[in-house]
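Working notes for the structure below.
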Amino acid sequence: MRRDIGLGLGLLVFCGFMYWQAGLAPANPFVPYGPAFYPRVILLVLAGLAVWMIWEAWAQKRKAAAAAPGVSQVPDYRRVMLGFAIFLGYVGALSILGFLAATFLFVLSLSWAIGPRRMAELPKLVALAVGTTAGTFLLFEKYLHVFLPRGWLF
Amino acid sequence: MEHLLTALQALLQPGTLFAMTAGTVAGVVGGAIPGITVTMAIILTLPFTFGMPPLQGLATMIAVFVGGSSGGLISACLIGIPGTPTTIATTFDGFPMSRKGEPGRAVWLGIWAACIGGALSGIPLVIGATQLALLAVNFGPWEYFSLFILTLSIVASLAEQSFVKGLIAGTFGLFVTCVGSDPMMAVPRLTFGWEFLRTGFPFLPILIGLFGLSQIMRDLEKTRGGQAAGGVDANASLTVSHLAIIREIFAQPVNLIRSTLIGLWIGILPAVGGSAANILAYDQAKKASKYPERFGTGISDGIIASESAANANCGGSLITMMAFGIPGDAVTAVMLGALIIHGIQPGPLFVTTNAPIAYGMFAAYFLAHPLMVLVEWAMLRYALRVVTLPLHILAPVILVLCVVGAFALNNIVENVWTFALFGVLGYLMVKTGFPLAPMILGVVLGDQIETNYIRAMMTDGDWLLFFTRPASGVMLALGALSFGYALWQRRRAAQRAAAAEAEGEVEF
């Protein structure tokens, strides 16, 4: 519940900042509703809903019964963080290394990082990385004529 | 009828049948791979049709369209990522059903519902294309605005545990569409001086980010190295009794007909697109259901509603395109181009002056549906093999396809960053209890709501017109009713749950 209160407050700050930002767009005298009108209406609604969520979370916090937490599988957030880090690294590397090198490294590193991490698996993972890179390159660049990102290496 | 049978005979020639089958394969594959759109598949097929006779070329394009509308259900049901926006709502029940060990039932309910719904929508296409399109053309910005508000009222029933979080997600989706140039004067707003944002966030990277990346990351939480993705059991089978599946669909005639009509009508309305049809049909099925609380847990009703509406939408789009030359979405815009390339000008007199081509297109539309079933039947065994691969093999490949799909939209890396941004956001939203479906609905509808509201107010400043124009007023009233009814259903479900809990306590 404390988390929802924090989220609600964060949302209110976000709405306030965006409300101010929306007002910076120049209005046109010939249009009755300027570019800021619609975003501001939406942001006001969003802010109202954030207040509602804070109020609801506050009310539940007060009423909260000391219920025992249920037994459930504990999520492995380390794998998720690793997954996101590798993925974001890949997106960043696309413009630097180019599609071919970045994709090869991404597939190899992600499949290794989230896989069973056995040396015996490595040839299979390298084959996967080569196959995925070559397959997508041939399909998209050669057949579908999508000009994939180029970088330092390729 | 005679015209239709003659056209069907022409289509059954081996060359045309082969071209249509190839088109269906292209559509289904394009629809099934997250990141490759039906629009992309249809654009790629277009050059191959230039050398064909007009009817053969158009029949091939229709086959891509029909196949593509349904192809997305394969990834929606098996990996929880809608391959196309027309299958968003299929994910809600298709994926849980697959996870419960019934991937075959989930996929085949979708395929047969798409086939039946799509074929049913062909009847009004043949009988009254022009009359129906005339109705749609009479819609002004007031009616469109009210229609989108009616669709937006669905947010109330898409909200999961927390009602207010569902509303926040939906409103945030609307806000996302505010980024970029305003639709009237193209004044940039909320772009922070970033050129890429002048056109706003592109829809496809948002969709695959919210559903694709966040789903893979949630699977990562639960699986250990070498385990299969959380979607489908490796020993699961796609073998089903087709008769039983068809019987299950026809056991819900009201759901089927209602969803088909919704899909058809949304398809007829220009520029609304197929994404709204499946969600609206899903919502109406949930509202009309005696057990709305079971929606989202893997029940057939949701899949039938979503898929029959998605393919009925194709019939509707063809009506407007053929009768008025107005494309309903990007896919029909390309098809319109194909018609013009083949020297055919669609319009109110199209059916009477070009009867062989028009009826040929009707016949192709009907024929494309059984072809779609056959192609999907042939492809499913491979699809299952793919989705039961270990997650560390499957996830990188899916992500690369999503990245390339996002990039290929207009060949800029910023689209990939959008995909990543909304992937992270989607994951955080799920972890903090915000449902994704209302947000995507907000993104689908945001631009249209703003454009039609401003247009209406610029045409006539009297806002009462939204209520006094009959169709607009009815749709706003329906929107309010729909919202209120969803609230009432939630309250009733909560009361029932509380009563059941109390009974349980008494028994102990």
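Computed from the coordinates by the stated procedures, all read-outs in this text should not be read as laboratory data. Nothing here was measured: the structure is a model prediction, and the numbers come from that model. Reconstructed Cβ throughout: ideal geometry from the backbone, glycine too, with neighbour counts over all protein chains shown.
Taking other Cβ within 10 Å of each residue's Cβ, how do A:Tyr38, A:Tyr19 sort, fewest first? Provide the component values of the computation, followed by the final result.
Values: A:Tyr38 26, A:Tyr19 17.
Arranged by neighbour count, lowest to highest, A:Tyr38, A:Tyr19 become A:Tyr19, A:Tyr38.
Efficiency by 1/(1 + (r/R0)^6): what FRET value for B:Met185 and B:Asp462, r their Cβ-Cβ distance, R0 = 22 Å, to the nearest 0.05?
Values: r = 22 Å, r/R0 = 1.01.
That pair, B:Met185 with B:Asp462, gives E of 0.50.
Rounded, prolate or oblate: which fits region B:333-416 when a ≥ b ≥ c are the square roots of the eigenvalues of the alpha-carbon gyration tensor, with rounded for a/c under 1.5 and prolate only if a/b beats b/c?
Working: a/c = 6.05, a/b = 1.72, b/c = 3.52.
The shape class here is oblate.
Any chance you could run the full-extension gain for B:Ile340 through B:Ala477? It's 0.36 nm times the residue separation minus the Cα-Cα distance, nm to one decimal.
Working: separation 137, 0.36 × 137 = 49.32 nm, distance 4.07 nm.
The B:Ile340-B:Ala477 span can extend by a further 45.2 nm.
Could you order the peptides B:139-150, B:457-468, B:439-450 from most to least packed, using the average number of other C-beta atoms within 10 Å per residue? Don't jump to the answer; show the numbers that get you there.
Values: B:139-150: 22.8, B:457-468: 13.2, B:439-450: 24.5.
Highest to lowest by the protection proxy: B:439-450, B:139-150, B:457-468.
How do A:His145, B:His369, B:His242 rank when sorted from fewest to most other Cβ atoms within 10 Å of their own Cβ?
Values: A:His145 9, B:His369 26, B:His242 13.
Listed from fewest to most nearby Cβ atoms, that is A:His145, B:His242, B:His369.
For region B:372-507, calculate the relative contact order in percent as a whole number, restricting contacts to Cα pairs under 8 Å that are 6 or more residues apart.
Relative contact order of region B:372-507: 6 percent.
In Å, the Kirkwood hydrodynamic radius of region B:150-206 over pairs of distinct alpha carbons?
Numbers: mean 1/r = 0.0784 Å⁻¹.
About 12.8 Å for region B:150-206.
Pairs B:Lys165/B:Lys286; B:Lys100/B:Lys222; A:Lys61/B:Lys286; A:Lys61/B:Lys431; B:Lys222/B:Lys431; A:Lys61/B:Lys287: which are spaced more than 21 Å apart, C-alpha to C-alpha? All intermediate terms of the calculation are to be shown ahead of the outcome.
Numbers: B:Lys165/B:Lys286 19 Å; B:Lys100/B:Lys222 16 Å; A:Lys61/B:Lys286 31 Å; A:Lys61/B:Lys431 19 Å; B:Lys222/B:Lys431 13 Å; A:Lys61/B:Lys287 31 Å.
Result: A:Lys61/B:Lys286; A:Lys61/B:Lys287 exceed 21 Å.
Give the Cα extents of region B:1-87 along the principal axes, in whole Å, largest first.
43, 28, 18
Below 8 Å, C-alpha to C-alpha, sequence gap of six or more: please give me the relative contact order for region B:299-413 in percent. Walk me through the intermediate numbers first.
Numbers: 43 pairs, mean separation 16.4, N = 115.
Taking the mean separation of contacting Cα pairs over the length of region B:299-413, I get 14 percent.
Please work out the Kirkwood hydrodynamic radius for chain B, using every pair of different C-alpha atoms, and report it in angstroms with one decimal place.
One over the average 1/r among Cα pairs gives 23.1 Å for chain B.
Using only Cα atoms, what Kirkwood radius does the protein assembly as shown have, in angstroms?
Values: mean 1/r = 0.0389 Å⁻¹.
For the protein assembly as shown, the Kirkwood estimate is 25.7 Å.
For region B:47-108, just say rounded, prolate or oblate: build the C-alpha gyration tensor, square-root its eigenvalues into a ≥ b ≥ c, call rounded for a/c under 1.5, and beyond that prolate if a/b exceeds b/c, oblate if not.
On the way: a/c = 4.35, a/b = 3.23, b/c = 1.34.
Since a/c reaches 1.5 and a/b is larger than b/c, the shape of region B:47-108 is classed as prolate.
Arranged by the count of other C-beta atoms within 10 angstrom, fewest first, what order do B:Cys314, B:Cys115 take? Kindly include the intermediate steps, with their values, before the conclusion.
Details: B:Cys314 34, B:Cys115 24.
Least crowded to most crowded, the residues run B:Cys115, B:Cys314.
In nm, to one decimal, how far is the modelled label at B:Glu195 from the one at A:Val31, with both set 7 Å along Cα→Cβ?
In this crude spin-label approximation the distance works out to 2.2 nm.
Tell me, what is the percent relative contact order of chain A, built from C-alpha pairs under 8 Å that lie six or more residues apart?
On the way: 119 pairs, mean separation 33.4, N = 154.
That works out to 22 percent.
Tell me, what are the semi-axes, in whole angstrom and largest first, of the equivalent ellipsoid of chain A as set by the roots of 5 times the Cα gyration tensor eigenvalues? Mind showing how you got there, number by number?
Numbers: eigenvalues 380, 196, 24 Å².
Values for chain A, descending: 44, 31, 11 Å.
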